[in-house]
Amino acid sequence: MLGLLHEIVDFPCYPVHKTTTMIVVRWLKTSVLGLAVAAHPVAMAFTELLPQRKAVRNLLPSINDGCHKTRVQTPHKLRFRGVMSMNPEAVAGSAASIATIISSPSTIFSDFSFSFLGNSINDILNMDQDTAEALAGPFFGASLFPYLAFLYFLNRPENETPKGVTVGFATCLLFVFLTIPAAIAAKLLYGVSLADSDWLHGGAESLLTVTNLITVVAFRQALNAKEQQLDTMPISATSYLPMTWLVVGLTALATVSVAIPAMADPSVHTPYLGGVMDLPVSIEEWGASHPEPENALTIATWIIHISSLVEFLVAMGFCWRWSDAVCNPRWKGLTWGLLPLHSSGITACTYHLFYNQISILVPFQALLTCVGNTTAAYAAYRIARSNGYQIPDSPIVSTFLRALPQEKVNGTQAIVSRQKKSLMGFEDLGDALARDNDFSFLVKLFAGCAAVSYVIKYGEPFLDFPFQANAYLGFAVILIPSMLNAFKWYKRGQDSSFQGWF
């Protein structure tokens, strides 16, 4: 990955002095090392969650007296360090202790009965908020590097990716970097996570909606031109400027939505946009089983989350259709590569569905983000290679990229369906709204997301499960739609006439 970033810095169109390039590369290497160091306390946090960790260690032999620089008393580690420096007595004592454990498993059953495994899993699933955020940090940080690679490969001139689509995906970096001060403000001002302060949370998450919205609109315009075989492509497909200016305008609106309440001395639970779309009645008056918690999302914040999820799903469908439009099946691979990122969005909504009580979902979302950025980068690399991208003549870059499968698609290999119709129903709203213009498309998209948001916000208090921090149920809410989504694309790949289930 460092080699890839080296290539970006030393790109031929932007000459950089070699010394400066090496300084940048060394800085990147230092950053990676710093990330590794930051991950160490995260690993220790996992061990702190194991209530029986000391008892487990007592079962294993202590080899500190017999080796140099060996601190972990586990047989697994003996294979990697300290083995050559151990004296014979230490080896014999370690082997005897291990043999005793293996030959007398009843001692283990009597002491533990493996109950510590169940206890440990429960402890991990019910971790506190601080531990969850500590675990999530390194994953979110590490996910930046593959996302940069994704943007690099996606924007290769060989791909002829619509410029506005590149702008849309790149805007996600703006969301990431502007979310950081919002999270810091929530922690310093109120001592809570960003998700528990609605006015800060809604303002930050609105940038993610901007990202997905730009991607969908630009992709939709380019796709319509391709499928209708127009002589000229829309300007959003050939120039970065239109969607860039739209990003600037929408980002300014998002900034104002946060700046106005910030000047009015807001409290931790000040509603985003003043709760303008919330119903002016108490849900308890309708006979709800539970009062709504203070950290419940407002309708505006729910719409932002739901719309981001739906927009991203539409973008995945557009990638699939773009594959047919340009006769390159590798674009369908990008749909698959984006799947973990869509599941990451489902995880965020599930976390809010349970009123931010299941802390384990925070690092789980971070893990899905890191995995999704990596799979998206690999999918974009396959697209670039299929379009003739040549691996740069650099030892580091060549070593990394040549280890990946080398694939190329030409006119005889690219056998894809030329259908204009893709999936229908809840799987892909892109075709369902294909005949609308951009304005009516966005209005219908907003109206549908608003309807779902009202059902979720005002339907939850009538149910019991959202008020119970059941991690198993939370993971089921994430995994079931994610598996259905994956199976849908699998079916679509096997049968191009498959139109979905609804």
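Remark: the range 479-485, residue by residue, has Karplus-estimated 3J(HN,Hα) of 6, 4, x, 5, 5, 4, 4 Hz, where x stands for each Gly or Pro and the curve is 6.51 cos²θ - 1.76 cosθ + 1.60 at θ = phi - 60°.
Annotation: amide H of residue 192 within the under-5 Å range of 187, sequence separation 5 or more or interchain, hydrogens built in the peptide plane.
Take the Cβ atoms of residue 232 and residue 447, set R0 to 35 Å, and the FRET efficiency comes out at 0.65.
Summarising the label geometry, the points placed 7 Å from Cα in the beta-carbon direction at residue 129 and residue 245 lie 4.3 nm from one another. Rolling a 1.4 Å probe over the protein chains gives residue 492 an accessible area of about 10 Å². With both labels modelled 7 Å from their Cα along Cα-to-Cβ, the residue 468 to residue 282 distance reads 2.6 nm.
When Rg and the Kirkwood Rh are both derived from Cα coordinates, the Rg/Rh ratio for the range 158-286 amounts to 1.12. Between residue 327 and residue 390, the modelled label-to-label distance comes to 2.4 nm, taking each label 7 Å out from Cα in the direction of the beta carbon.
The values are calculated or read from the model by the stated rules, or taken from the named source; none is laboratory data. Being a predicted model, the structure only gives us computed values, none of them experimental. Every residue, glycine among them, receives a Cβ derived from its backbone with ideal geometry; neighbour counts consider all protein chains shown. Each accessible area value is taken on the protein alone, full model and side chains, heavy atoms only, with ligands, DNA and RNA left out. Shrake-Rupley method; radii C 1.70, N 1.55, O 1.52, S 1.80 Å.
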